Structures are given as C-alpha cells and as structure tokens.
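Beneath this line is the structure, given in structure tokens, with notes to follow.
No lab work stands behind these numbers, since they all come straight from the coordinates. The structure displayed is predicted, hence computed values, not measured ones. With ideal geometry, Cβ positions are generated from the backbone for all residues, glycine too; neighbour counts draw on all protein chains shown.
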Amino acid sequence: MKRVVLSGAAGFLGSALARRLLKRGHEVIGIDNFSTGRRSNVDDLLSSKSFSLVTHDIAEPLTIDGPVDQVLHLASPASPNDFVRLPIQIMKVGGLGTHNMLGLAKAKMARFLLASTSEVYGDPLVHPQPETYWGNVNPLGQRAVYDESKRYAEALTMAYRNQHQVNTAIARIFNTYGPGMRLDDGRVVSNFIVQALQGRPLTVHGTGSQTRCFCYVDDLIAGLCKLVESGHAGPINIGSDTEITVLELAQLVIDIVGSKSTISEVDLPEDDPTRRKPELSRADQFLDWRATTALQQGLELTVKYLDRELRLM
Ligand code: NAD
Ligand code: UDP
C-alpha cells in the first residue's frame, strides 16, 4: 500500500485517478482549490477512510504530515476556455504549484509525476509528435499561459531530477474525454454532446478540418499508473493515436445521440493546433500500454453520463 498525495483530485482526471488508486488499496490525500474541480466528483470517495481531501491552493506552500510515497501533480485548469478565464492562476499553478509539489516530493523522497500535455508541442510542425519534438508555441498568444507554464513545469521537474535526484516522471497527456467531465467544461467532446442532447447546433470551430485523437479516460488513467509504477522518467506521450477531424467528431456525436442538431461553423480560436496525434512507441516499449477503448464506445458511455448530469440540473 502506498501513501499518495494527489493534486487536482476533484478534477476530471484527478478524481478518476483517485478512484483507481483507492481500488488498488492505496491511501490518497487529495488536494484541490476547486477552481475547475467539483466536490461531487469525489463525493463517493469521501466515505473511504483511505481518502482525504484538503482544500488548498497549491501555488501556496503546503505541509503534509507523515511519509509520502508518491506525489502526483495533476492540478491545473486545462480547458481552452480557462486559458482566457484564468490566465494568471494557470501560470501560478504551473510555476509555483509545480515548485511546491516538487519540494514536497523532495522532502519525502517520493516518486513524482507531472501531468504535462500535448500542448507543449503547440501547433506542431511535425506529425505525429514524438517526445523528441521541441514544439511550435506562440509565447504571447491566448494559449501561451497553459503551454508555457507546462513547458516551465517540465523544465523545473528535470531540474529537481538533476539537482536533487528526485525520482520524477513526465506524462504528456493528449486529449482525453469521458464520464466525469463538467457539462460546461468547454472542451470539444462535452460541448458537442451537450449541444446534441439539447438539440442545439454543434459549434464547430472554423471548418472543422483540424484533427485530434481522443483517449477514453479509463485508458489514460491506466497509462498514468503504469508510468508511475515503471520508474521511467519520460517524457512519455499518453493518448490515443486514432486521428479524426473535428467535423467528423461532430457528425459522430450527432449519430450516437440520434440528435436533430445541425452543425454551425463559428470562429476558429487563435493558435488552435491544426493537427495533433501522438507518436506512441515509448508508451508501447517502456510501459506496454496502448489505448483500447474505441471512440464510438467511449462516446456512448460519455453521452450516458452527460445525459444523466443534464437531467439532474
Ligand atoms: P480539470 O480542470 O477537470 O482538473 C484540474 C483540477 O485541478 C481541478 O479540480 C482544479 O480545481 C484543480 N486545481 C487547479 N488549480 C489548482 C490550484 N492552484 N491548487 C489546487 N488545485 C487546483 O482538468 P483535467 O482535465 O482533469 O486535467 C488534469 C491535469 O491533466 C491538468 O494538469 C491538465 O493540464 C492535464 N491534462 C489534461 C488533458 C485532458 O484532455 N483532460 C490533456 C492534457 C493534459
Ligand atoms: N472545438 C470546436 N467546438 C467546440 C470546442 C472545441 O470545434 O465547441 C475545437 C477546438 O477549436 C479544437 C478541438 O475542437 O480544434 C479540440 O478542442 P478542445 O477544447 O477539446 O481541446 P484542445 O485540443 O484545443 O486543447
């Protein structure tokens, strides 16, 4: 049994990871300031004596009593909507928050995981994106607060590894979706599903020719766990490599929901990446991991979840 500190525990991925760790018999100390997370994501875990939830902004120093085996750092707003709404908070959690979590890992001699992102590749000029690619990021654009804070977080993680021998790992997470996403999260999968369920037009940004690869949450969490257990430093891309255009996704969601919604083209946001797809040979070779949930199946499960959430409103 491991004692795990998990930042961002009330978020979409953090709550799914907490659930998985508890199932495996670990103790989880969740930390969250609820800027984009929700207590309802972890309501079912609060009765477990192996789970505790501390309300804290990790940009501020924190103390945890007793030994800690793993520090898993997932806290950060992650939706492009939040890049505009919470720019300074994003930079603070990526900079000061990562610093505090690395300091905790150092003090406790714990394994550290950074939840980094495919956004470190920006609008990539190399396709698919291997971990060796340095990226193409506009440092002044709307997405910069997120992209650059994650790039800084990666550099800081490597600095702690090299200077203090902290046992670190960097996961570069690609677009992930599934039950647990907020109705108003703002990312494409939840937007399209909610719009289709409500019979409203699906808001395709630009012509919808931009591509993404969507990974189901359970697969992603399995990959993160494998990376933490592996002892590997990374960075390792974790995601699906089934590429689809945003327009194809819109049509697929309409079909799955059986909706009468139409598709409406709206403005393409600044610096929206044109193509994104992970090169996954490291995940395969070092973690023996790949995503296995078909998009159709994952979307069906997500539709069920968001439909229930809408009915509870
Ligand atoms: P989310 O917004 O659902 O969860 C983030 C959580 O962090 C929330 O509960 C939020 O309240 C918490 N948080 C934010 N700032 C904090 C702070 N200063 N102190 C304490 N808690 C704070 O997002 P998510 O999709 O679950 O993303 C989790 C992590 O995975 C993020 O670091 C994100 O960058 C990374 N990631 C996610 C995806 C994805 O597709 N979901 C892709 C790439 C990377
Ligand atoms: N997108 C869209 N309609 C929406 C939300 C997003 O067409 O209502 C597009 C967005 O511009 C991007 C893709 O869908 O090209 C994925 O967006 P998301 O916000 O999910 O994540 P990103 O990959 O941009 O980080």
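Values as computed for the structure displayed
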| item | result |
| --- | --- |
| Taking the chain and dividing mean pair separation by its residue count, relative contact order in percent (alpha carbons under 8 Å, at least six apart) | 17 |
| Estimated translational D of the chain in µm²/s (Stokes, Kirkwood radius over Cα pairs; 20 °C; 1.002 mPa s) | 109 |
| Net charge of neighbours whose Cβ lies under 14 Å from the Cβ of Val266, counting Lys and Arg as +1 and Asp and Glu as -1 | -3 |
| For Gly30, residues with placed amide H under 5 Å, excluding near neighbours | Leu6, Ser52, Leu53, Val54 |
| Pairwise Cα inverse-distance average, inverted: Kirkwood Rh of segment 153-288 (Å) | 16.7 |
| Charge context of Arg161, other residues only, Cβ under 13 angstrom, K/R +1, D/E -1 | +1 |
| Listed residues Val246, Val145, Val126, most fluctuating in the chain (Gaussian network, C-alpha, under 10 Å) | Val126 |
| Convex hull of Cα atoms in segment 53-212, direction-averaged projection (nm²) | 11.1 |
| Full-stretch length increase - Gln163, Arg24 - with 0.36 nm per residue and alpha-carbon distance subtracted | 46.8 nm |
| Distance between segment 162-190 and segment 66-124 - C-alpha centres, whole angstrom | 10 |
| Antiparallel bridges, percent of DSSP beta bridges restricted to the chain (to nearest 5) | 10 |
| Choice from Leu113, Leu280, Leu13 with maximal GNM fluctuation in the chain (Cα, 10 Å cutoff) | Leu280 |
| Total lysine pairs under 19 Å (Cα atoms) in the chain, excluding pairs fewer than 8 apart on one chain | 10 |
| Potential extension, Val266-Ala233 segment - 0.36 nm per residue separation minus Cα distance | 7.8 nm |
